[in-house]
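The values are calculated or read from the model by the stated rules, or taken from the named source; none is laboratory data. From a predicted model like this one, the values you see are computed outputs, not experimental measurements. Cβ atoms come from the backbone with ideal geometry, glycine included; neighbour counts cover every protein chain shown.
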Amino acid sequence: MTSPKKYDWSQFTLKIAINTAPARLYKAWTDEKEIVKWFTVKAEIEPKKNGRLYFEWLAGDKLTAKVKEVRKNQKFVFPFGSYGEEVEISIKKMGKGSVCILRQYNMKTSPKQRWVMHRGCLEGWTFFLTNLKVWLEHGIDLRSQDPKVSYAQGFINS
């Protein structure tokens, strides 16, 4: 019998199958007019290495950064956090659709950061990847539009 593998708190990976072409999925991540339909309330994105990246969410949190890496219709990498955390979005064709693989890494592993960044981001990304799928496949946005019903109050759908 093998021992369970020690959990790596410095990263996590999530995958979701989406019934859309890789080019459409890539556009949903890298086009500022598209990403506000399922992820942020405001965005500025220059999808090129060192391009401007600005995200703003319903509760008022903001991210201003530089894009780390892009490969059209395949990959989008950007900083996500205050301590060097990064998110890598990989897109692959799968059957008649695509698979979106999100990996967040370089996460600090102190007990507080395990709770705040790892658990919080894992929960948030699970919702947003589901919202991305629903939006691309059915045109529905599951997010709250009310700032009083946001992640700041413990709701996952914002």
### Task
Answer yes or no: is there a residue in region 83-96 that is in contact (Cβ under 8 Å) with a residue 40 or more places away in the chain, of a type in the set (A, V, I, L, M) and in a loop (DSSP other than H, G, I, E, B).
no
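Looking at this structure, is Thr13 hydroxyl-bearing (Ser, Thr, Tyr), within 21 Å of Val99 (Cα to Cα) and not in a loop (DSSP other than H, G, I, E, B)?
Yes; evaluated as a whole, the condition is true for this residue.
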Taking first residues from region 110-136 that are in a helix (DSSP H, G or I) and second residues anywhere that are modelled with pLDDT of 95 or more and among the hydroxyl-bearing types (Ser, Thr, Tyr), the pairs with Cβ under 7 Å that are 6 or more apart or on different chains are Leu136/Thr20
Do the conditions hold for Trp38, that is, is it touching a residue at least 40 places away in the same chain (Cβ under 8 Å), within 22 Å of Trp135 (Cβ to Cβ) and outside any loop (DSSP other than H, G, I, E, B)?
no
Taking region 74-116 and keeping only residues that are aromatic (Phe, Trp, Tyr), surrounded by fewer than 18 Cβ atoms within 10 Å (Cβ to Cβ) and under 21 Å from Leu25 (Cβ atoms), one is left with Tyr105
Requested in this report: Answer yes or no: is there a residue in region 59-73 that is within 15 Å of the chain's Cα centre (by Cα), charged (D, E, K, R) and buried (at least 16 other Cβ atoms within 10 Å of the Cβ).
Outcome: yes
When restricted to Glu44, Glu32, the only residue crowded, with 16+ Cβ neighbours inside 10 Å, over 20 Å from Gly120 (Cβ atoms) and without any contact (Cβ under 8 Å) to a residue 24 or more places away in the chain is Glu32
